[in-house]
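Peer 1: The structure follows.
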Amino acid sequence: MEIRVIGGGLAGSEVALSLSEMGIKCSLFEMRPHVQTGVHTSDRFAELVCSNSLKSRSIENASGLLKEEATILGSRLLRIAEECKVPAGKALAVDRERFADSVTEQISCSPFVSVISKEVEELEYSSQIINIVATGPLTSSRLFNHLSEHLGEALYFFDAVSPMVTTESIDMSDAFTADRYGTGEGDYINCPLNEKEYEAFVNALMEAETLPLEGFDSRLLFERCQPVEEIARQGRDALRFGPMKPVGLVDPKTGKQPFAVVQLRKENLQETLMSPVGFQTRLRWKDQKRVFSKIPALKNAEFVRYGVMHRNTYIDSPKTLDPTLKSRSLQNTFFCGQITGLEGYPEAISSGRFVAMNVASLKLVSTRRELPRETMLGSLIDHITRSARSPLKPVYANFGLLPREGLPRQGKKLTRLLQTERALKQTRRFAVEWRNAIDGVYC
């Protein structure tokens, strides 16, 4: 049975490397560089387009719990991420160049992965072919038109990317290094603003021009990726309670909490590049430099990448996918990653690992398995395939998805602890049962 993985982003790369580790051959199709997305800058696999952060490491955080589950399941990309990590306090952030290079090298060197640089415009359906669609939110229009013919009209939302500056161009006389609440080792550069400086920045931001985007509607912005200019329109203090919140930080110059703060996160191991946290934007490039230079520490900043906005498309999973992420109507076709409506890097990676496990089971022992809903990944998949209303809205890991049934009534903190313990226990059981099921044919 031939296995075709379409898309070389996080989910597709996870599938390919996972199947390779299992000794199962697959073909990995990637349209870049022949067809560009408008956002990617290279033809490498697993290129991180937006942030370089895979969010919190702590299992007290929903994203941290999801990554721990994916690690238990055997995620290959999370192993690579650990090898390419950069200091980021409690978060797992990676050197995006090294990460993409490492993933690309491992895929290219695998004897079990055949890389095909070609745009897939439509799928071939056969009892002898397994399709795994992992084309992400920037799926080509030709393929999405094909999918829409079979699955119904595509859904979409708008996403944005933060700019990036060189570390040496930051004026450290107007900045300080620290993590919130004194945790960590000072992995972030903090750019404080007083009330007058904040007002000047907001005024400049509100007056700046934005790049036109076909079909743009602010109501279709994903809540975690709202451009700073859209947040500013919600009220003068909206940024101070959002990406510019000063809580947990003390300016060593004044000994007090700043009025507002822009935090910069390291982009590479050499610490030569930094990006402002939560500063996605669709301002015109000339205005980005002018407006962001209103931040005192960035008055002479050298921009190596400007922020951009793009349209993300995905399928209406409650109508189209079953809880193993297999299509209900398309023969031997699975979906994983952000094209399913799962939003975020850990979500894409973990869903890729889950699909690889089910494809291996289907190929080797003709079975598929559902994840327990008590796990974070299982609850995410249950939400997008069964629980959520159609049309689906993108979703990321959060404790609100985990069931409380069977747990004693306790306070919020203890309840989350019990949910976490149960999720990890169920994940370990699932991993053992999966391996036992294919024991003897697993390579």
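The values are calculated or read from the model by the stated rules, or taken from the named source; none is laboratory data. These numbers were taken from a predicted model, which means no experiment stands behind them. Here the Cβ is made from the backbone with ideal geometry for all residues, glycine too, and neighbour counts use every protein chain on show.
Peer 1: Restricting attention to the range 408-441, which residues are crowded, with 17+ Cβ neighbours inside 10 Å and in a loop (DSSP other than H, G, I, E, B)?
Peer 2: Correct list: 438 only.
Residue-wise test of (1) touching a helix residue (DSSP H, G or I) at 6+ places or on another chain (Cβ under 9 Å); (2) not β-branched (Val, Ile, Thr).
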residue: 305; (1), (2): no, yes
residue: 311; (1), (2): yes, yes
residue: 330; (1), (2): yes, yes
residue: 336; (1), (2): yes, yes
residue: 339; (1), (2): yes, no
residue: 349; (1), (2): yes, no
residue: 354; (1), (2): yes, yes
residue: 389; (1), (2): yes, yes
residue: 397; (1), (2): yes, yes
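Peer 1: If I filter the range 105-135 down to residues being under 25 Å from the mean Cα position of the chain (by Cα) and free of Cβ contacts under 8 Å to residues at least 24 places away in the same chain, which single residue comes out as farthest from residue 330 (Cα to Cα)?
Peer 2: 105
The rows are residues; the columns are (1) closer than 23 Å to residue 55 by Cβ; (2) at pLDDT 90 or above.
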residue: 310; (1), (2): yes, no
residue: 314; (1), (2): yes, no
residue: 324; (1), (2): no, yes
residue: 329; (1), (2): no, yes
residue: 335; (1), (2): yes, yes
residue: 338; (1), (2): yes, yes
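Peer 1: Tally up the residues in the range 318-341 that are under 19 Å from residue 76 (Cα atoms) and either assigned to a helix (DSSP H, G or I) or touching a Phe, Trp or Tyr at 6+ places or on another chain (Cβ under 8 Å) (or both), please.
Peer 2: 3
Peer 1: Still on this structure: Take the range 407-437 and flag every residue that is touching a residue at least 12 places away in the same chain (Cβ under 8 Å) and of a type in the set (Asp, Glu).
Peer 2: 433
Peer 1: Step by step: first the residues of the range 219-233, then only those that are at pLDDT 90 or above and either within 18 Å of the chain's Cα centre (by Cα) or within 15 Å of residue 245 (Cα to Cα) (or both), then the one that is surrounded by the most Cβ atoms within 10 Å (Cβ to Cβ). Which residue is that?
Peer 2: Here is the first cut: in the range 219-233, the residues at pLDDT 90 or above are 228-229, 231-233.
Next, only the ones that are either within 18 Å of the chain's Cα centre (by Cα) or within 15 Å of residue 245 (Cα to Cα) (or both) stay: 228, 231-232.
Working: 228: 28, 231: 20, 232: 21.
Restricting to residues being at pLDDT 90 or above and either within 18 Å of the chain's Cα centre (by Cα) or within 15 Å of residue 245 (Cα to Cα) (or both), the top hit is 228.
Peer 1: In this structure, does residue 56 turn out to be hydroxyl-bearing (Ser, Thr, Tyr), in contact with a strand residue (DSSP E or B) (Cβ under 7 Å, 6 or more places away or on another chain) and within 21 Å of residue 416 (Cα to Cα)? Please lay out each step first, then the result.
Peer 2: Values: hydroxyl-bearing (Ser, Thr, Tyr): yes; in contact with a strand residue (DSSP E or B) (Cβ under 7 Å, 6 or more places away or on another chain): yes; within 21 Å of residue 416 (Cα to Cα): yes.
So residue 56 passes the test.
Peer 1: Same structure, new question: Which of the residues that make up the range 54-63 are surrounded by fewer than 19 Cβ atoms within 10 Å (Cβ to Cβ) and touching a residue at least 40 places away in the same chain (Cβ under 8 Å)?
Peer 2: Across the range 54-63, the qualifying residue is only 60.
Peer 1: OK, next. Among the numbered conditions (1) over 19 Å from the mean Cα position of the chain (by Cα); (2) within 30 Å of residue 83 (Cβ to Cβ), tell me where residue 257 comes up short.
Peer 2: Status for residue 257: all satisfied but (2).
Peer 1: Specify which of the listed residues (405, 347) is in the same structural domain as residue 139 (by TED's automatic domain parsing), among the acidic types (Asp, Glu) and either under 19 Å from residue 24 (Cβ atoms) or surrounded by fewer than 23 Cβ atoms within 10 Å (Cβ to Cβ) (or both).
Peer 2: Working: 347 fails: either under 19 Å from residue 24 (Cβ atoms) or surrounded by fewer than 23 Cβ atoms within 10 Å (Cβ to Cβ) (or both).
So the residue among 405, 347 that is in the same structural domain as residue 139 (by TED's automatic domain parsing), among the acidic types (Asp, Glu) and either under 19 Å from residue 24 (Cβ atoms) or surrounded by fewer than 23 Cβ atoms within 10 Å (Cβ to Cβ) (or both) is 405.
Peer 1: Looking at 32, 57, 44, which is the one that is modelled with pLDDT under 95, in contact with a Leu (Cβ under 9 Å, 6 or more places away or on another chain) and on the phi < 0 side of the Ramachandran plot?
Peer 2: Values: 32 fails: in contact with a Leu (Cβ under 9 Å, 6 or more places away or on another chain); 44 fails: in contact with a Leu (Cβ under 9 Å, 6 or more places away or on another chain).
It is 57.
Peer 1: To continue, here is another question. Looking only at the range 254-289, which residues are modelled with pLDDT of 95 or more and of a type in the set (D, E, K, R)?
Peer 2: 256 - this is the single residue of the range 254-289 that is modelled with pLDDT of 95 or more and of a type in the set (D, E, K, R).
Peer 1: Here is a further query. Considering the range 280-322 alone, what residues qualify as being assigned by TED's automatic domain parsing to the domain that holds residue 355, crowded, with 19+ Cβ neighbours inside 10 Å and more than 21 Å from the chain's Cα centre (by Cα)?
Peer 2: 320
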